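A.B. asks: Attaching a single structure in structure tokens format; questions to follow.
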Amino acid sequence: MTFDGDYNAHFKAQLNRLKSENRYRHFVELERVAGCHPVALHHRGDGVHEVIVWCSNDYLGMGQHPDVIGAMRDAADAGSAGAGGTRNISGTSHAVVTLEAELAALHGTERALTFTSGYVANEASLSALASQLPDCLILSDEMNHASIISGIKLSRTEKAIFRHNDVAHLEQLLAVQPLNRPKLIVFESVYSMDGDTGPIAEIAALARKYNALTYLDEVHGVGMYGHEGGGVAAMRGLADQIDIIQGTLGKAFGAAGGYIAASDVICDTVRSNGSGFIFTTAIPPAVASAACAAVRHLRSSQIERDAQQRQATRLKAKAIAAGIPILEGDTHIVPVMIGDAGATYRICQLLLDEHDIYVQPINYPTVPRGTERLRLTPGPHHTDAMIDDLVTALGSVIEQVSDEGVQATVAE
């Protein structure tokens, strides 16, 4: 596409292209109601409707847990709504220090370091660590998250991409490198679009063999797996074999922010060199207090994790029995494979308008073309009846869309 000098017309044409390809992101106005998760209020032209949310990353409903809300309210009442600036300029709040100590204890590391989001945690940490290692090589799983890709780009260092979860391919890439060359292997514990898990033990063994650091993204694992919610690595007894664990406070912990847990010197290296940490306003004390309350609760309570796993298993079984095309996986994420952007959008639209079920379409570039899907995240507060209603509605809507053909979005 050429540029003719009209900026607005150019941007509008680009947006129309997204719409014509059914890749335009439509936002749905929802209002969460305290104590009612996963029910929310859908504000639309004809009024307000109750809907059941099936795609939230607040996997355990901790964002509405009384302990979490109470901690946030108390901290705001006692302090302020905001952090006041960066931690260097405005001071490091006691609430953030307390949270970092709790996160370090969760993962059994010397230290933890918090950021304003999991995305920023990956960007700042990967770019900072690689920049401090001469001639560093980053080895990254091909299915790694956009924030990891961005952090690698910002590092301006050499990268090598290994095929998804392909340990043999990773070893091929490692074997040709000098043993004393700095190397950083970056991968995830739970891949959020397919719901599969990484070969943590095998990658950790390769890192030891070839003198590499390991960086494990556990954003979809923390709070969800392990006796105290330390993640998949903790569940498998492998947490002490990982050099850097990266997590989020905005999913299973129900608050906001991200973090890394590692040795004192690694955290200090990121703290001292990560632009995304140095130049960004800190997490507000009230948010840090809420997140800390959630971490503490999930370290001592297995109830939420057990209920979530039970409902995820039930949904998968019901979907398979009904002929719904899911990826079974071994995690709490249930992808429903559609394979067409227009059909995926249409299915979500019908579920919302006719069944009061909220699910967002997952299209390119989040997933490869031809693998468009719905991404279901059953939780402990989804009842058996909700699961039955979802499966029935899905079957009906998928059949309806198949009969009517793909409904393309009309560009404006």
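A.B. asks: Just checking, which of 312, 291, 307, 317 is hydrophobic (A, V, I, L, M, F, W, C), touching a helix residue (DSSP H, G or I) at 6+ places or on another chain (Cβ under 9 Å) and modelled with pLDDT of 95 or more?
C.D. replies: Every option except 291 fails the conditions.
A.B. asks: Looking only at region 37-59, count how many residues are within 29 Å of residue 218 (Cβ to Cβ) and assigned to a loop (DSSP other than H, G, I, E, B).
C.D. replies: The qualifying residues number 8.
A.B. asks: Restricting attention to region 208-244, report how many residues are part of a loop (DSSP other than H, G, I, E, B), within 19 Å of residue 192 (Cβ to Cβ) and charged (D, E, K, R).
C.D. replies: Of the residues in region 208-244, 2 are part of a loop (DSSP other than H, G, I, E, B), within 19 Å of residue 192 (Cβ to Cβ) and charged (D, E, K, R).
A.B. asks: Still on this model: Within region 327-342, take every residue that is within 21 Å of the chain's Cα centre (by Cα) and under 15 Å from residue 397 (Cα atoms) and give me the one that is surrounded by the most Cβ atoms within 10 Å (Cβ to Cβ).
C.D. replies: For region 327-342, the residue satisfying everything is 336.
A.B. asks: Then there is this: If you take the residues of region 251-269 that are surrounded by fewer than 24 Cβ atoms within 10 Å (Cβ to Cβ) and small (Gly, Ala, Ser), which of them is farthest from residue 113 (Cα to Cα)?
C.D. replies: Filtering first and then ranking leaves 256.
A.B. asks: Here's a follow-up. If residue 265 satisfies every condition in (1) without any contact (Cβ under 8 Å) to a residue 12 or more places away in the chain; (2) closer than 25 Å to residue 59 by Cα but one, which is the exception?
C.D. replies: That leaves (2) as the condition not met.
The values are calculated or read from the model by the stated rules, or taken from the named source; none is laboratory data. Being a predicted model, the structure only gives us computed values, none of them experimental. Ideal geometry is used to build each Cβ from the backbone, glycine not excepted, and the neighbour counts take in all protein chains shown.
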